[in-house]
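Note sheet for the following structure.
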Number of protein chains: 2
Amino acid sequence: MTDQTRLDEILAQLDAGQDAALTRLLEFLRIPSISTDPAHRGDVRDAAKWLCSELESLGFEAKIHDTPGHPMVVAHSAPGDARPLLFYGHYDVQPVDPLELWDRPPFEPEIQETDDGKVIRGRGASDDKGQLMTFVEAFRAWKAVHGSLPSDLVLLFEGEEESGSPSLQPFLSEHAEDLRASLAMICDTGLYADGRPAITTQLRGLVGEEVIIRAADRDLHSGSFGGLAANPVMILAQALGALKDGDGRVVLPGFYDGVEDLDEDLARDWQALGFDAADFLGRVGLSEPIGEKGCTPLEMVWNRPTAEINGIAGGYAGEGFKTVLPAEARAKVSFRLTGTQDPQKIRDAFRAHIRRFVPADCRVEFHEHGGGPASVMDVSDPAFAAAKQALTEEWGREAAFIGAGGSIPIAGDFKEILGMDSMLIGFGRDDDRIHSPNEKYNVESFARGARSWARILASLR
Amino acid sequence: MTDQTRLDEILAQLDAGQDAALTRLLEFLRIPSISTDPAHRGDVRDAAKWLCSELESLGFEAKIHDTPGHPMVVAHSAPGDARPLLFYGHYDVQPVDPLELWDRPPFEPEIQETDDGKVIRGRGASDDKGQLMTFVEAFRAWKAVHGSLPSDLVLLFEGEEESGSPSLQPFLSEHAEDLRASLAMICDTGLYADGRPAITTQLRGLVGEEVIIRAADRDLHSGSFGGLAANPVMILAQALGALKDGDGRVVLPGFYDGVEDLDEDLARDWQALGFDAADFLGRVGLSEPIGEKGCTPLEMVWNRPTAEINGIAGGYAGEGFKTVLPAEARAKVSFRLTGTQDPQKIRDAFRAHIRRFVPADCRVEFHEHGGGPASVMDVSDPAFAAAKQALTEEWGREAAFIGAGGSIPIAGDFKEILGMDSMLIGFGRDDDRIHSPNEKYNVESFARGARSWARILASLR
């Protein structure tokens, strides 16, 4: 916002180049880079090549790095004395079935007029090619105005995000020197529900556990054995039912160690979002927040940890009735973590809790299903305030620091492996139909997205 | 045991006629009266006819009664002034698959020598044709000695027992006058585990319930909704886990109304059985009685009610992990009842208990899966002591009054519809392989079984 960054010229350049930018995006979207489908392996690589060549044409030093899976594209601008920033997106897309539910071929994208303005329709438009290109168009405009790219940029574009990112962690470890930056910008999320610009500054962590309790070596007749022999479904129900107290708090010893109350600024931001729990729950047929007593609904999903049973099975649950004492029972349980809760301690406490309920003649087995701590960004870093201000100016609405109830593994990986916080800023909308037929990305999201990055870049120079 | 009944002569007659009796049983066993298989409908009827003609040849007035399913055979001896007794057995048999596991064709029975003495090998040998014929042979010997049958006998032989007895209740209601007796003798059970003769004098009742809790109208992402939205699996676990307290007692209000402590005589009988819970449980891979604190293991299965979860399902329980809040959860729950517990009150109390855990925005649905009260015979009726004494004399071992943890519906039906208690006396052994390939019945069981009924008949005249 100083003359030095020539922001106004860059924004004008973006506006003037919008048609060309859309043409480039459509070209990118035509590459069917479905990472989960081995038949599209070559297409994923083609998308990496397309991107690499785009970046090289802008003056980046760009390279395709092979991995055991799909390639990583890494690009650098010239070193300088600016704050080094990393930009992350992914160029692979979701599968397209059921194909018959698409109004047009998913990889023949087009710009469509809708009641809600122009949209780019096609697989990957919003997740994540359109979002990724908001970075690229911002860099392009900067170059056009300044004659050179901003210094100290690192770009990392992944081709396996829709396949669970199996190569990502090893890649980050191996290329840590090459990728190190002071902050990561991740463009793979959306605007806040009502279209308000937002920066996600905290994400809940996860502990996934599977527990199997085995009792008799076969299903038993509940007449002959009921009341005498261990019933693993009953034991499991008792153990899991006792995970929370009457106030909705998890009873594991030490569970809340590291959980912190929201600070005043964030509390004010969240309050201003006007989150309507009744409306949010109403859209899925519910109405009542059932979380921890004394917490606001947004705190429940963003700032409080929880324990949930994701699945349970045991005995006969089909048609009719079988009077058995089942031989075994199993459940999948996940904890969402906040603050500095330690996933391993919580896993241990959970296992100890379950074991207390299991009689000596039964066996219990646990399987670990992933986990990681919460990501809580240091919003006292002035970059956060600057980016917030930039978004506010672009969208004409107060931008907000928000949380997310889920885990976005890349943010945790950046923190853990590269030691840097992330700013999750995205321009998707709730109705973008990502992962579904007829995916779209609003042209406004694309255009204002690029303008947002230009403003953020300028504000951080 | 008086001269008048000429018991010694009858027993001698039975011993002398054993080969002929076995020949008759083998003939009966050759009829493949599988009631669940429509292809064997004619065979079931043939077995009824065979039986009817046997009974007529002994002087019974016997009749085949058609039902919507398979026929009932009802027979009467001449009216007199003795205590009217009903004898129940069933002439249908289980299916025979897997056929390849049989050592010989299931309907080509033979007498085999084994390490454990002679056995009758073939489908139905133990369940229930061989047992049913112990009645018939006892009546035959009585007739041979006395020149006429005992008076006041009512015989009811069913052809649908292995198909769930769909016609039985309506038949009992319709023919209540014809079937009324002071006591029913049911020969479809076994000796006590170690071969001790026994009379089952109490059976637990049953309440079967299915509960379904529905929350959101779809599975929800546990990141976006966890801690805020209702999780029906967690609610179900909490509700079912709270059914019992730490002492293994069911917490439903009024649940124990009608449950009575064992009287001293029964307690002494049960004690004398020397039930070895560790051995009993050890055979199914367990070791520890987990029932109500302060109860003996036999009480737990025979004289105490219980609540068991027979099956549970909800959410994702397959390979891997899905972080969902499931849309619904379901469980099948059964209660085993003792004493005069009221099934309907317990069903109501269970439903009220579950409802207390279900938030206002979730729905709960219940399905009734059968039920009936416990059967507790009035052992102060001198017939019980007399039969016990008769069994003790025949087997040379103290006979016992025992309980059963399961429900034997026919005993409940006799009580409810005909107002009479039952004596469940049978001579099967644990290794008879009923319902399995290579079913057998020990010749000793057959011979001593018939002698037992002769003694019981004599003692009740």
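The values are calculated or read from the model by the stated rules, or taken from the named source; none is laboratory data. The structure displayed is predicted, hence computed values, not measured ones. Methodologically, a virtual Cβ is constructed for each residue, glycine included, from the backbone with ideal geometry; neighbour enumeration extends over all protein chains shown. Surface areas here come from the heavy atoms of the whole protein model, side chains and all, with no ligands, DNA or RNA. Shrake-Rupley method; radii C 1.70, N 1.55, O 1.52, S 1.80 Å.
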## Note on the structure
Contour minus Cα-Cα span, A:ALA176 to A:SER436, at 0.36 nm per residue, comes to 90.1 nm
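With every protein chain kept in place and ligands, DNA and RNA left out, what is the accessible area per residue of chain B? Probe 1.4 Å, answer in Å².
On the way: 17740 Å² over 461 residues.
That works out to 38 Å² per residue.
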### Message
Just to verify a number: FRET efficiency for A:ILE111 and A:HIS146, C-beta to C-beta distance, R0 = 41 Å, to 0.05?
### Response
0.90
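Quick one: order A:THR338, B:THR114 from most to least accessible surface, probe 1.4 Å. Don't skip to the end; give the middle numbers.
Details: A:THR338 5, B:THR114 45 Å².
Descending order: B:THR114, A:THR338.
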### Query
Within the stretch A:418-451, whose backbone N sits under 18 Å from a point 7 Å along Cα→Cβ of B:HIS221?
A:423-442
### Query
Cα to Cα, under 20 Å, and not fewer than 8 places away if on the same chain: which lysines meet these conditions relative to A:LYS293?
A:LYS244
### Query
Among the aspartates and glutamates, which have Cα under 13 Å from the Cα of A:LYS118 when same-chain residues fewer than 8 positions away are ignored?
A:ASP19, A:GLU110, A:ASP432, A:GLU444
### Message
Need one number: nm distance between label points at A:ASP245 and A:LYS293, each 7 Å from Cα along Cα→Cβ, rounded to one decimal.
### Response
0.9 nm
### Positive-end residue, chain B charge dipole about Cα centroid, Cβ charges, pick of B:GLY291, B:GLY419, B:PHE321
B:PHE321
### Query
Where the centre of each part is set by its Cα atoms, how far does the stretch B:428-461 sit from the stretch A:317-358, in angstrom?
48 Å
### Query
Each label point is 7 Å from the Cα along the Cα-to-Cβ direction; what then is the distance between the points at A:ASP279 and B:VAL259, in nm?
5.2 nm
#### Entry: Interface residues, the stretch A:317-340 - accessible area loss of 50 Å² or more versus chain alone, probe 1.4 Å
A:ALA317, A:PHE321, A:LYS332, A:ARG336
#### Entry: Partners for A:LYS49 among lysines (Cα-Cα distance below 26 Å; same-chain residues under 8 apart left out)
A:LYS63, A:LYS129, A:LYS143, A:LYS440
### Message
Keeping all protein chains in the complex and leaving out DNA, RNA and ligands, what accessible area do you get for A:HIS221 with a 1.4 Å probe, in Å² to the nearest 10?
### Response
90 Å²
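Give me a single rounded figure for A:364-371: the average over its residues of other chain Cβ atoms within 10 Å of their Cβ. Mind showing how you got there, number by number?
Values: counts 0, 0, 0, 1, 1, 4, 2, 0.
The mean count of partner-chain Cβ atoms within 10 Å per residue comes to 1.
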### Task
For chain B, give the share of DSSP beta bridges that are antiparallel, in percent and rounded to the nearest 5; count only bridges with both residues there.
70 percent
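How large is the Kirkwood hydrodynamic radius of the protein assembly as shown, in angstrom, based on all distinct alpha carbon pairs?
Numbers: mean 1/r = 0.0305 Å⁻¹.
One decimal place: 32.8 Å for the Kirkwood radius.
Could you give the length gained on full extension between B:ARG363 and B:ASP37, defined as 0.36 nm per residue of separation minus the Cα-Cα distance, in nm?
Values: separation 326, 0.36 × 326 = 117.36 nm, distance 4.06 nm.
Answer, rounded to one decimal: 113.3 nm.
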### Given charges at Cβ of Lys, Arg, Asp, Glu: the stretch B:55-115 dipole, positive-most of B:TRP102, B:PHE87, B:THR114
B:PHE87
### Message
Run the label-point distances for A:ARG41 please: 7 Å along Cα to Cβ, every other copy, nanometres, shortest first.
### Response
6.1
### Message
Which residue, A:ALA237, A:VAL251, A:ILE186, has the largest displacement toward the positive end of the dipole of chain A when charges sit on each Cβ (Lys, Arg +1; Asp, Glu -1)?
### Response
A:ALA237
### Query
How high is the relative contact order of chain B, in percent, counting Cα pairs under 8 Å that sit 6 or more residues apart?
25 percent
### Task
List the residues of the stretch B:288-312 that lose 40 Å² or more of accessible area once all protein chains are present, compared with their chain alone (1.4 Å probe, heavy atoms only, no ligands or nucleic acids).
B:GLU288, B:ILE290, B:VAL301, B:GLU308, B:ILE309, B:ASN310, B:ILE312
### Query
What does the accessible area of A:ILE417 come to, in Å² to the nearest 10, when a probe of 1.4 Å is used?
40 Å²
### Task
Any chance you could check the stretch A:228-244 for residues losing 10 Å² or more of accessible area when the partner protein chains are in, compared with the chain on its own (1.4 Å probe)?
A:LEU228, A:ALA229, A:ALA230, A:ASN231, A:VAL233, A:MET234, A:ALA237, A:GLN238, A:LEU240, A:GLY241, A:LYS244
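Antiparallel as a % of all DSSP beta bridges within the protein assembly as shown, to the nearest 5? Don't skip to the answer; put the middle values down first.
Details: 103 of 145 bridges.
Counting only bridges with both partners in the protein assembly as shown, antiparallel ones make up about 70 percent.
As a test of the definition: with a 1.4 Å probe, what buried accessible area, both sides summed, do you compute for B against A, in Å² to the nearest 100?
Buried area (both sides, nearest 100 Å²): 5800 Å².
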### Message
Tell me the accessible surface of B:SER222 in square angstrom (1.4 angstrom probe, heavy atoms of protein chains only), to the nearest ten.
### Response
0 Å²
### Paramagnetic reach from A:ASP15 in the stretch A:395-424 [backbone N under 17 Å; point 7 Å along Cα→Cβ]
A:395-397
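Evaluate the charge dipole of chain A about its Cα centre and quote only its size in Debye, nearest 20, assuming +1 on the Cβ of each Lys and Arg and -1 on the Cβ of each Asp and Glu.
Values: 46 positive and 75 negative charges, 173 e Å.
Approximately 820 debye in magnitude.
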### Message
Computing the accessible area with a 1.4 Å probe over protein heavy atoms, can you report the carbon and sulfur percentage for the protein assembly as shown?
### Response
48 percent
